[in-house]
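Notes follow once the structure below has been shown.
The values are calculated or read from the model by the stated rules, or taken from the named source; none is laboratory data. Quick caveat: nothing in here was measured; it's all calculated off a predicted structure. All Cβ positions, even for glycine, are placed from backbone atoms using ideal geometry, and neighbour counts span all protein chains on display. For accessibility, only protein heavy atoms count, side chains too; no ligands or nucleic acids. Shrake-Rupley method; radii C 1.70, N 1.55, O 1.52, S 1.80 Å.
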Amino acid sequence: MKTTTRTLRELKGQRPIVALTAYDFTTARLASEAGVDLILVGDSLGTTVLGYETTVPVTLEMMLHHTAAVARAGPDGLVVMDIPFPEAHRDVGRLLDACARGLQEGGAGAVKIEGGAAMADRIARIVAAGIPVLGHVGLLPQQIHQLGGYRKFGKTPGEREALLADARAVEGTGAFGLVVEMVDPECTREISEALKIPVIGIGAGSHCDGQVLVSHDLLGLTAGKTPSFVRRYAEAGKVIGDAFKRYAADVRNGNFP
Ligand code: KIV
């Protein structure tokens with residue numbers, strides 16, 4: 001059965017929501033077969049698949065291209081397209097067009113927009129147009145150049161208060177859910193308890209309504225170090241690398257074909 005934003009809202013307090021990123025048809029199909037509730041076509045596309053250092057170079061066209069591939073798998077999980085930098089900060093009419101293209105051309109069922117209270121008016125306009133929005137607070141990778149690096153948020157009372165205010169502001173827009181990234185677990189607990197909408201964490205501890213991970217990280221496909229909160233469920237990079245080596249050796253030795 002297809003997961004809708006309503007299904008996800010109803011899951012709060014019932015069972016944890018399982019979310020995963022995917023950027024292509026095959027991964028989306030496998031995630032769907034595994035019963036993943038929400039498939040996020042994250043702008044982590046830039047670092048995982050396209051080889052950029054950050055998510056900043058990712059464009060709307062790239063997001064649409066990969067979202068459409070994911071949607072073609074027809075997954076049961078809700079497909080959510082990330083709105084890339086700097087689309088969310090442009091004129092709200094242009095933001096609305098970007099979100100609508102995510103649904104019309106990308107085949108997504110919802111979009112994700114980074115930012116808290118400062119983005120609330122814009123998110124409300126998108127929701128009012130009938131486009132479901134997943135919010136995102138805590139670490140905002142699209143602002144990495146301003147942040148100067150990746151770190152945990154919500155450790156001080158001031159940051160906790162600000163994050164709670166951001167989360168409430170996003171809920172007030174009519175967003176159907178909220179991603180909290182790299183947030184102190186106690187702060188995540190406060191946010192999850194304060195909101196009626198589901199809170200999906202990444203590097204934010206277990207006191208929330210669901211978890212999302214970057215699929216390349218959990219599969220062992222990420223080059224270099226994975227974030228410390230990731231659990232690697234496979235060493236797919238090694239499996240694929242070994243297969244390529246055996247194929248190359250067979251061709252060179254005349255064992256294939
Ligand atoms: O781009 C992405 O994959 C994300 C997740 C880390 C939540 O925003």
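Quick one: net charge of L45's neighbours, Cβ under 10 Å, K/R +1, D/E -1?
Details: positive: none; negative: D24, D43, D82.
My count for the surroundings of L45 gives -3.
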Problem set entry | Accessible-area composition of the chain, carbon plus sulfur, in percent [1.4 Å probe] | 54
Problem set entry | Non-local Lys pairs in the chain, i.e. 8 or more apart or on different chains, that have alpha carbons under 27 Å apart | 17
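How charged is the neighbourhood of L64? Take every other residue with its Cβ under 10 Å from the Cβ of L64, and add Lys/Arg as +1 and Asp/Glu as -1.
On the way: positive: R101; negative: E61, E105.
After counting each charged neighbour, the total is -1.
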For this session: Using a 10 angstrom cutoff on alpha carbons, build the Gaussian network for the chain and name the most mobile of A234, A124, A100.
Result: A234
Problem set entry | the chain - mean residue ellipticity at 222 nm from DSSP helices (-39,500 (n - 2.57) per run, n ≥ 4, rounded to 500) | -12500 deg cm²/dmol
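Classify region 177-251 as rounded, prolate or oblate from the Cα gyration tensor: take a ≥ b ≥ c as the square roots of its eigenvalues, call it rounded if a/c is under 1.5, otherwise prolate when a/b beats b/c and oblate if not.
On the way: a/c = 5.23, a/b = 3.56, b/c = 1.47.
It comes out prolate by the Cα gyration axes.
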Problem set entry | Pairs of Cα atoms farther than 29 Å apart, the chain, % | 28
Seminar exercise, completed: Longest principal axis of the chain (C-alpha) makes with the long axis of helix 185-194 (C-alpha) an angle, in degrees to the nearest 10, of 50
Exercise. To the nearest 20 debye, what charge dipole does the chain have about its Cα centre, counting +1 at the Cβ of each Lys and Arg and -1 at the Cβ of each Asp and Glu?
Worked result: 380
For this session: Among L218, L64, L40, determine the one that fluctuates most according to a GNM of the chain built with springs between C-alpha atoms less than 10 Å apart.
Result: L218
Problem set entry | Dipole in debye (nearest 20) - region 1-138, about Cα centre, beta carbon charges: Lys, Arg +1; Asp, Glu -1 | 440
Exercise. To the nearest 10 degrees, how steep is helix 236-253 against the longest Cα principal axis of the chain, on a 0 to 90 scale?
Worked result: 20
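How would you classify region 2-44 from its alpha-carbon gyration tensor, with a ≥ b ≥ c the square roots of the eigenvalues: rounded for a/c under 1.5, else prolate if a/b is greater than b/c, otherwise oblate? The partial results should precede the final answer.
Working: a/c = 2.37, a/b = 1.83, b/c = 1.30.
Prolate.
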Exercise. Quick one: Debye curve from the C-alpha atoms of region 42-176, no solvent, what's log10 I(q)/I(0) at q = 0.12, 0.14, 0.20 Å⁻¹?
Worked result: -0.46, -0.63, -1.22
Exercise. With every protein chain in place, what's the accessible area of K12 (1.4 Å probe, Å², nearest 10)?
Worked result: 40
